[in-house]
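The values are calculated or read from the model by the stated rules, or taken from the named source; none is laboratory data. These numbers come from a predicted model, not from an experiment. With ideal geometry, Cβ positions are generated from the backbone for all residues, glycine too; neighbour counts draw on all protein chains shown.
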Amino acid sequence: METLKFFFLSLLLTLFFGCTILLFENPIPNKGEIVQVLPEFLNGQFLKKEEQIYYDIERINDKHCIIYSTNWIHKDSIYALVESIKNDSTYAEFKESTLIIKDKDTTQKIILRLDEDIYYTEKEPAYEINLEKGYFIDDFDKKLKKRAILKSYNNKYFLNIIDQEEKWFAVWFEMKNDSLTIWNSQIADTSFVENLDYYNGLTKINKIEDKTFVANPSNEELFNLLEEPSLFNEETWIRAYDSKKQSWIGKIIGITFLLLFVVFIALRKRNNNTDLNYKKFFLRTFIIALSISAFIGIVIFLVGDFGETEMKVLGTTLAIGGYSITGLCSSTIHNRNEFRSFSVIGMLISVFGFFFTITAIWEIIDFDRFWQILVIFTVLAVSVAHVSLLLQIRPKTNNIKYSLIATIIFISIVALMLIKSAINKFEDSEFFFRLLGVFVILDVLGTIAISILNKITDKKE
């Protein structure tokens, strides 16, 4: 028995249904590159804009995903829904989190899950994309596998699906910020037939049956069609974040910096005469990680298939190498008492950053939800390493000393601005990024100038 779709589900799975559709003789765009790997953004949970539908994209691997749908309704609206279903031939009631609907021949029970003030339906598969085997499914009752090809062109992805009479139905999508915009060749323009002469001026369109048309446009003709407003069906999926999990970002950052502060205070009070050779530790770690990365890279290029596991292993060794460099730079001033605490803080930041990066690479945490933390630790690790290298310089004159202080201030400003921008998901104003560019230039200028000036001063003396 098919699951009943009540009124707020009426638009569910409408991606490939409509009064009028435009098919294509060949997969579009003609000059597009055939893609064998699903784009990274096709992952996670999305909320369909202006509709009460969640889409949960679960990746089997980098070539295969299943898109599940979950519908929801506010608790206060459930009884209004029940009344709207009732008519002369249909009885409906809501009892113990179950929507019961009876008509002459059937009785259906739809179990709803209550989470806070929202009722959710059971998660059901809506679409399946398998690039490895080249098929697409949009009807899980019939399990009909339609041939599918994914193409990429101008930052858009085009999923071409074989339809009736060996013609191609097309879906194209683009991710900007947290919004996934999807178009498909179902005609949204109600005056399409009346304006067919105009559209024929853009590319030749033939009618093959009632409300079904076919075209074979060149790339230029295709994109002229795509620029027509409201010609094709469009919908927007907005990435959904679990507020409970999202709140952990601030907690993790706060706890981490609290630990760093405690370590800093402890180091200030402790007279530690033990001088561990941190330089040797980080240098050896870096060399080992670099060697492993090189070996894995060679193996992947020679016999590997660039699969998900290989990429994770390579990413892990590169993370070890990268954070070993920042830790090594921070350790260079550990033997100077006035900078020892700062040096240890820098090394700890590199260690924390490494562990967060590894957990993201191996999907222990959700990268899409916690990427800001990774950016913050990367910025801090690089900034502290940069400052540590500059603090090795012993200024010979007051001018060099003041230039050194100014450069460290510029590094700090750049780091703070990058952290602020990461928290804002890099959606700051154009002026903000212009100002950031100015401080980056001053940062680089100061770093180079101080080194040269100190060398010149040494030679003069």
inquiry  = Within the stretch 409-444, take every residue that is among the basic types (Lys, Arg) and assigned to a helix (DSSP H, G or I) and give me the one that is modelled with the highest pLDDT.
reply    = Arg434
key: Any chance Ser412 is under 29 Å from the mean Cα position of the chain (by Cα) and under 20 Å from Ile376 (Cβ atoms)   = yes
request  = May I ask you to list the residues in the stretch 115-130 that are over 14 Å from Leu81 (Cβ atoms) and either modelled with pLDDT of 85 or more or aliphatic (A, V, I, L, M) (or both)?
outcome  = Glu122, Lys123, Glu124, Pro125, Ala126, Tyr127, Glu128, Ile129, Asn130
inquiry  = Looking only at the stretch 51-79, count every residue that is assigned to a strand (DSSP E or B), without any contact (Cβ under 8 Å) to a residue 60 or more places away in the chain and under 16 Å from Glu124 (Cβ atoms) and tell me the total.
reply    = 7
query = Going by the conditions given, is Asp443 touching a Ser or Thr at 6+ places or on another chain (Cβ under 8 Å), within 25 Å of Thr378 (Cβ to Cβ) and surrounded by fewer than 17 Cβ atoms within 10 Å (Cβ to Cβ)?
reply = no
ask   = Do any residues in the stretch 225-241 that are more than 17 Å from Val193 (Cα to Cα) have Cβ atoms under 8 Å from those of residues that are in a loop (DSSP other than H, G, I, E, B) and of a type outside the set (A, V, I, L, M, F, W, C), where the two are at least six apart or on different chains, and which pairs are they?
value = Glu235/Lys49; Thr236/Lys49; Trp237/Lys49; Ile238/Lys49; Ile238/Asp178; Arg239/Asp178
inquiry  = Considering only residues that are touching a Cys at 6+ places or on another chain (Cβ under 8 Å) and not hydrophobic (A, V, I, L, M, F, W, C), which ones fall in the stretch 381-401?
reply    = His386, Ser388
task = Out of Ser383, Ser429, Ser388, report the one residue that is closer than 15 Å to Ser451 by Cβ and within 36 Å of the chain's Cα centre (by Cα).
result = Ser388
key: Considering residues of the stretch 352-365 that are surrounded by fewer than 16 Cβ atoms within 10 Å (Cβ to Cβ) and part of a loop (DSSP other than H, G, I, E, B) only, the residue modelled with the highest pLDDT   = Trp362
ask   = Is it the case that the stretch 393-408 has a residue that's part of a loop (DSSP other than H, G, I, E, B), within 24 Å of Leu328 (Cα to Cα), among the charged types (D, E, K, R) and not assigned by TED's automatic domain parsing to the domain that holds Asn177?
value = yes
key: Subset tally (residues that are crowded, with 16+ Cβ neighbours inside 10 Å and among the charged types (D, E, K, R)) for the stretch 179-215   = 1
task = Determine, yes or no, whether Ser451 is assigned to a helix (DSSP H, G or I) and buried (at least 19 other Cβ atoms within 10 Å of the Cβ).
result = no
task = Out of Ser388, Ser403, report the one residue that is over 29 Å from Ile423 (Cβ atoms) and not acidic (Asp, Glu).
result = Ser403
Residue among Thr359, Thr378 that is among the polar types (S, T, N, Q), free of Cβ contacts under 8 Å to residues at least 12 places away in the same chain, closer than 30 Å to Phe46 by Cβ and not assigned by TED's automatic domain parsing to the domain that holds Asp178 = Thr359
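The rows are residues; the columns are (1) β-branched (Val, Ile, Thr); (2) surrounded by fewer than 16 Cβ atoms within 10 Å (Cβ to Cβ); (3) not assigned by TED's automatic domain parsing to the domain that holds Ile365.
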| position | (1), (2), (3) |
| --- | --- |
| Glu58 | no, yes, yes |
| Ile66 | yes, no, yes |
| Asn87 | no, yes, yes |
| Ala92 | no, no, yes |
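If you check Glu124, Glu132, which single one turns out to be exposed (fewer than 15 other Cβ atoms within 10 Å of the Cβ), touching a residue at least 60 places away in the same chain (Cβ under 8 Å), over 23 Å from Tyr54 (Cβ atoms) and within 35 Å of the chain's Cα centre (by Cα)? Working first, answer last.
Numbers: Glu124 fails: over 23 Å from Tyr54 (Cβ atoms).
The match here is Glu132.
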query = Any residue at all in the stretch 213-224 that is at pLDDT below 90 and either over 24 Å from Leu150 (Cβ atoms) or in a strand (DSSP E or B) (or both)?
reply = no
